[in-house]
Amino acid sequence: MVSGRYAFKSVSVAGYPNLFFTFGPNSGPGHNSALVYMEAAIDYIVKAIKLLQQNDIGTLDVREDRQGRYHSEIQRRLRRTTWNSGCSSWYLTEDGYNGTMYPGFATQFMRELSRLDPRDYVITRRDDTHLRLTQ
């Protein structure tokens with residue numbers, strides 16, 4: 001069980017379709033402007049909106065397994081950083097969980113968010129969404 005907040009690529013959370021964050025969990029920079037990270041997230045969100053509009057999609061809901069895998073990788077990478085070296089800091093919760101910092105360079109974060117893979121999401125067609133809401 002995870003003891004803190006986490007998201008897929010810092011922008012999507014399973015179970016909350018069509019909800020996207022611009023500065024979500026593990027998107028904090030330790031060496032750069034937060035604006036770089038937010039702009040990467042916004043570009044990703046625009047891709048999601050275009051995917052919705054151009055393909056008659058009602059909802060995008062990140063797959064739990066993809067979110068979990070991404071989170072595990074982020075936490076693994078954080079273990080090697082000073083932020084998780086045993087110090088007490090605002091980056092960590094009381095139990096030592098780091099849901100704040102991104103364990104890499106801004107260019108890595110930008111590259112991760114440069115492509116939206118529809119296979120990372122459970123896709124519901126617009127017609128299916130409408131039927132579900134009206135029943």
Quick one: 3J(HN,Hα) in Hz for segment 78-88, Karplus 6.51/-1.76/1.60 with θ = phi - 60°, rounded, Gly and Pro as x.
5, 4, 8, 9, 5, 4, 10, 8, x, 6, 8
Quick one: which of 103-111, 38-46 comes out on top by average Cβ neighbours within 10 Å, and what's the full order, highest first?
38-46, 103-111
Quick one: which residues, 5+ away or cross-chain, put their amide H under 5 Å from the amide H of Val122? H built at 1.01 Å from N.
Asp61, Val62, Arg63
Segments 18-27, 73-82 sorted - mean Cβ within 10 Å per residue, highest first:
18-27, 73-82
Mean residue ellipticity (222 nm) of the chain, computed from DSSP H runs ≥ 4 via -39,500 (n - 2.57), nearest 500
-12000 deg cm²/dmol
Expressed as a rounded percentage, what relative contact order does segment 34-134 have, with Cα pairs under 8 Å and six or more residues apart?
45 percent
HN-Hα J in Hz across segment 115-120 - Karplus 6.51, -1.76, 1.60, θ = phi - 60°, x for Gly and Pro:
10, 9, 9, x, 5, 7
Sticking with the crude label model, points 7 Å out along Cα→Cβ, report the distance from Thr107 to Arg119 in nm, one decimal please.
2.7 nm
What is the sum of charges, Lys and Arg at +1 and Asp and Glu at -1, for the other residues whose Cβ falls under 9 Å from the Cβ of Tyr121?
0
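Laboratory data are not the source of any read-out in this text; all were calculated from the coordinates shown. This one's a predicted model, so the numbers in the text were calculated from it and none came from an experiment. All Cβ positions, glycine included, derive from the backbone under ideal geometry; neighbour counts span all protein chains shown.
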